[in-house]
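Below: one structure, written as structure tokens.
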Amino acid sequence: MSLITDEIRASASEMYRGHEICEEKSRFLLTEMGLPNGLLPLKDMVECGYVKDTGFVWLIQKKKSDHKFEKIGRPVQYATEVTAYVEPKRIRKLTGVKTKELLMWVSLSDIYIDDPPTGKITFKSPTGLSRSFPVEAFQLEEEPAAAKEEVKVNAGSAVEVKEV
């Protein structure tokens, strides 16, 4: 059962369809809220939306996905639908995200960065369990300018590099 109703879609300040634009907009929103931009690495997103008045956000992907945050060695599962309320330095009422603790998958409900800043981000479960990690473990590296070059292969097998 989807939490995203037609009424919610109608009240959205922003709504997008397609993986590239959803990925860009979700990273931008995380950055705007003072959160690390790599916090929600969903794959094959089909829709995302944001209701500015309430802070409600949703991300929908084709199928559930797994991701491992290498810097902390933690696996995370993302359901096909991820919802939350975002505010500066905080995500509340998160649904659709689980992490592995010892041998069990634990749902996450809250994510926040300490104020004043300590360089830590805390993840909390609905049962009250929490764990903190360095913020930089969830920050994506910016692509260097050289990586933004587009490579085209012509029919004559010559290679043309074009600045984007």
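The values are calculated or read from the model by the stated rules, or taken from the named source; none is laboratory data. These figures come from a predicted structure and were not determined experimentally. Cβ: placed from backbone, ideal geometry, glycine included. Neighbour counts: every protein chain shown.
The table below lists the values:
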| item | result |
| --- | --- |
| Of residues in segment 15-30 being surrounded by 13 or more Cβ atoms within 10 Å (Cβ to Cβ) and not hydrophobic (A, V, I, L, M, F, W, C), the one farthest from the chain's Cα centre (by Cα) | Tyr16 |
| Within segment 48-60, tally of residues that are in contact (Cβ under 8 Å) with a residue 40 or more places away in the chain, crowded, with 17+ Cβ neighbours inside 10 Å and of a type outside the set (Val, Ile, Thr) | 3 |
| Search result, residues across segment 93-114 that are of a type outside the set (Ser, Thr, Tyr) and more than 14 Å from the chain's Cα centre (by Cα) | Lys93, Lys100, Glu101, Leu102, Leu103, Met104, Trp105, Val106, Ile113, Asp114 |
| Residues that are surrounded by 12 or more Cβ atoms within 10 Å (Cβ to Cβ) and within 30 Å of Pro116 (Cα to Cα), drawn from segment 73-86 | Arg74, Pro75, Val76, Gln77, Tyr78, Val82, Thr83, Ala84, Tyr85, Val86 |
| Those residues of segment 101-156 which are exposed (fewer than 15 other Cβ atoms within 10 Å of the Cβ), at pLDDT 80 or above, part of a strand (DSSP E or B) and not hydrophobic (A, V, I, L, M, F, W, C), in sequence order | Glu101, Lys120, Ser130, Pro134 |
